[in-house]
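The values are calculated or read from the model by the stated rules, or taken from the named source; none is laboratory data. The shown structure was predicted, so the numbers you read here are calculated from the model rather than taken from an experiment. Every residue, glycine among them, receives a Cβ derived from its backbone with ideal geometry; neighbour counts consider all protein chains shown. Protein only, heavy atoms only, side chains kept; ligands, DNA and RNA dropped before computing areas. Shrake-Rupley method; radii C 1.70, N 1.55, O 1.52, S 1.80 Å.
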Amino acid sequence: MRFRFELFVALSMVCLAVGCDGRPPTYLVHGMVVFPDGKPLTSGTIEFEALNQKKPITASSEIATDGTFQLGTFAPNDGAIAGEHRVAVISDFEIGTGIERPEELPPERLHLKYRDFKTSGLKYVIKPQTTNILVEVEYAPPKDTKDDTKTPPTRAGD
Amino acid sequence: MYSSHGKRCLQPLERRGFTLIELLVSIAIIGVLIALMLPAVQQAREQARMTQCRNNLKQISMGIQNFHSQYNELPPSRSYDHYTSWAFLILPFLENVNLFENWDPELKYYYQSDTARLTHIPPYFCPTRRSGPFASIENAAVLSPYETSGHVPGTVADYGCSAGYGPPGVWNWITSNGAMVMGDATTDPPTVPAGNYPPPQARLLRFKSRTSFKDLIDGASNTILVGEKHVRPSRWGIAQEDGAIYNGDHPGSFSRCGGPGYPIARSATDVYRDNFGSYHNEICNFTLGDGSVRGISVYIATEILGRLTARNDNEVVEEF
């Protein structure tokens, strides 16, 4: 009996330490975002939203300068849950460089359709194992960004 | 006590005390009880700090509501580039008129007095995050081809206004879809070409906000005004992420994005720069246009978060 009691205490301590929160398990997902010519997308955010969930469960990651990412759902880099996901890739310019002024924006590199889950057309199935994913994206068509920056320029350079 | 041969014996060594096992067991039980209790105590303490944080946001929210009553418009995120930010403009409504009077509204941030720049006020700090230091340390990554602003220290803050999430690349410009955007200002022409430090002084003649409650066409109760800024501990006091809050030069210091591409940071060490995020456990606090303060799960889908930060996306907000 005494042994059983100790076992119970030990188990409850383990449970307290690990935390019984009933979250779905996540699996490590590494990946890389590349353009058709093999060059990586060097900045931005990638988001994987699990389909067929009661509440959306989103895994996201910042894209590193070499184009790689490692998804995190409940903590940074902890992976994604298993199942089918739709994917969005957003690559805005980093603020603080002075280029948040519309008249000074360089042309968009990534096609803007990837900003939205509905229009990105990217879908991946995460299997319950460590996964490597290559996300292939297209360049923006040359004049795509004009519509978004139709603000009349104020005083440039201030 | 009696010894084996029946004689009464008072020698202390033979007195019946606790055995080692008994002592260890009782210590173990006490240890388990304390171990059970400590997390609860810590949670209660954190809960108290969270309540204080929400109270801070409530005060900020009341400040904005009163600003709106006075001027019939929301405070702009900044009056104009280089001048001052929303956090300073609502000070008279946070009972800090005297601090506000120290500021010369015609001058750029870089030309203000130490009192105006460096005085910190308690409602701008979340107790879970920090109890100091309150002055900015440096500007990192501001030396760009477009602009060079050196560092002039000022007080920081843990809250930033919502800059929406778009259109791509121009957040916090006047086209941003957040509730608070840059003001419509008239200034003197600068006397020195841009790109010099300190930025050339030009008087701010007048400014007007571009948004008011009637521009929150998604509904004031569905639009985020101000929320907790995500700042990694290693970036405290460093612009753009955590620069001087009264400085209208660096949007990354006084505003944050939320929505597609800008999830709420999940923990204090998340690498994101321009996002909302808190040091509370899985909850980030926001104040909405109707004056309410809500804790939102940091795992909220970015699509829904985007509908909350955008003032004019015409989308239905699901339960969040």
Failed item in (1) among the aliphatic types (A, V, I, L, M); (2) within 30 Å of residue B:243 (Cβ to Cβ); (3) modelled with pLDDT under 95, with residue B:64 passing the rest = (3)
Among residues of the stretch A:47-60, those that are within 9 Å of chain B (Cβ to nearest Cβ) and either at pLDDT 90 or above or surrounded by 21 or more Cβ atoms within 10 Å (Cβ to Cβ) (or both), counted | 5
Filtering the stretch B:121-166 for residues that are within 28 Å of residue B:95 (Cα to Cα), surrounded by fewer than 22 Cβ atoms within 10 Å (Cβ to Cβ), at pLDDT below 90 and out of contact with any Lys or Arg (no Cβ under 8 Å at 6 or more places or on another chain) leaves a count of 7
Residue B:99: passes all of (1) in contact with a Phe, Trp or Tyr (Cβ under 8 Å, 6 or more places away or on another chain); (2) modelled with pLDDT of 85 or more; (3) crowded, with 17+ Cβ neighbours inside 10 Å but (1)
Find all pairs meeting these conditions: Cβ atoms under 6 angstrom apart; at least six residues apart or on different chains; first residue within the stretch B:147-167 and under 12 Å from residue B:226 (Cα atoms); second residue at pLDDT below 95 and open to solvent by 20 Å² or more (accessible area, probe 1.4 Å).
-> B:164/B:177
Restricted to the stretch A:61-77 and to residues being at pLDDT 90 or above and away from chain B (no Cβ under 11 Å), the residue nearest to residue B:265 (Cα to Cα) is A:71
Could we say that residue B:90 is touching a Pro at 6+ places or on another chain (Cβ under 6 Å) and either open to solvent by less than 60 Å² (accessible area, probe 1.4 Å) or modelled with pLDDT under 95 (or both) here?
-> yes
Qualifying position, being among the aliphatic types (A, V, I, L, M), touching a residue at least 24 places away in the same chain (Cβ under 8 Å) and closer than 26 Å to residue A:43 by Cβ, among B:283, B:264 | B:264
Return a yes/no flag: does the stretch B:73-81 have any residue that is closer than 21 Å to residue B:292 by Cα and free of Cβ contacts under 8 Å to residues at least 40 places away in the same chain.
-> no
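The rows are residues; the columns are (1) among the aliphatic types (A, V, I, L, M); (2) free of Cβ contacts under 8 Å to residues at least 12 places away in the same chain; (3) surrounded by 16 or more Cβ atoms within 10 Å (Cβ to Cβ); (4) closer than 15 Å to residue B:263 by Cα.
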| position | (1), (2), (3), (4) |
| --- | --- |
| A:41 | yes, no, yes, no |
| A:45 | no, no, yes, yes |
| A:66 | no, no, no, no |
| A:71 | yes, no, yes, yes |
| A:85 | no, no, yes, no |
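Residues checked against (1) of a type outside the set (Phe, Trp, Tyr); (2) more than 18 Å from the chain's Cα centre (by Cα); (3) buried (at least 21 other Cβ atoms within 10 Å of the Cβ):
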site	(1), (2), (3)
B:62	yes, no, no
B:65	yes, yes, no
B:70	yes, yes, no
B:77	yes, no, yes
B:84	yes, no, yes
B:95	yes, yes, no
B:108	yes, yes, yes
Residue check, residue B:264 within 30 Å of residue A:53 (Cα to Cα) and either in a loop (DSSP other than H, G, I, E, B) or of a type in the set (Ser, Thr, Tyr) (or both) = yes
Listed residues B:117, B:54; which is closer than 30 Å to residue B:245 by Cβ and in contact with a strand residue (DSSP E or B) (Cβ under 6 Å, 6 or more places away or on another chain)?
-> B:54
Select from the stretch B:267-281 the residues that are in contact with a Phe, Trp or Tyr (Cβ under 7 Å, 6 or more places away or on another chain) and farther than 22 Å from residue B:64 by Cβ and list them in ascending order.
-> B:268
Scan the stretch B:269-282 and give yes if some residue there is within 15 Å of the chain's Cα centre (by Cα) and not in a loop (DSSP other than H, G, I, E, B), otherwise no.
-> yes
Name every residue in the stretch B:283-311 that is more than 10 Å from chain A (Cβ to nearest Cβ) and among the aliphatic types (A, V, I, L, M), in order of residue number.
-> B:283, B:288, B:293, B:296, B:308, B:310
Test for residue B:116: is it farther than 30 Å from residue B:289 by Cβ and either at pLDDT 85 or above or of a type in the set (Phe, Trp, Tyr) (or both) = no
For the stretch B:211-258, the count of residues that are in contact with a His (Cβ under 7 Å, 6 or more places away or on another chain) and more than 21 Å from residue B:58 (Cα to Cα) equals 5
Determine whether residue B:42 is without any contact (Cβ under 8 Å) to a residue 40 or more places away in the chain and closer than 23 Å to residue B:277 by Cα.
-> yes
Consider residue B:228 carefully, then state whether it is more than 14 Å from chain A (Cβ to nearest Cβ), within 25 Å of residue B:128 (Cβ to Cβ) and among the charged types (D, E, K, R).
-> yes
In the stretch B:264-282, how many residues are open to solvent by less than 10 Å² (accessible area, probe 1.4 Å) and either among the β-branched types (Val, Ile, Thr) or within 12 Å of chain A (Cβ to nearest Cβ) (or both)?
-> 6
Taking the stretch A:131-146 as the region of interest, how many residues are at pLDDT 50 or above and open to solvent by 90 Å² or more (accessible area, probe 1.4 Å)?
-> 5
Tell me which residues, restricted to the stretch A:86-109, are outside any loop (DSSP other than H, G, I, E, B), at the interface with chain B (Cβ under 7 Å from one of its Cβ atoms) and at pLDDT below 75.
-> A:102, A:104
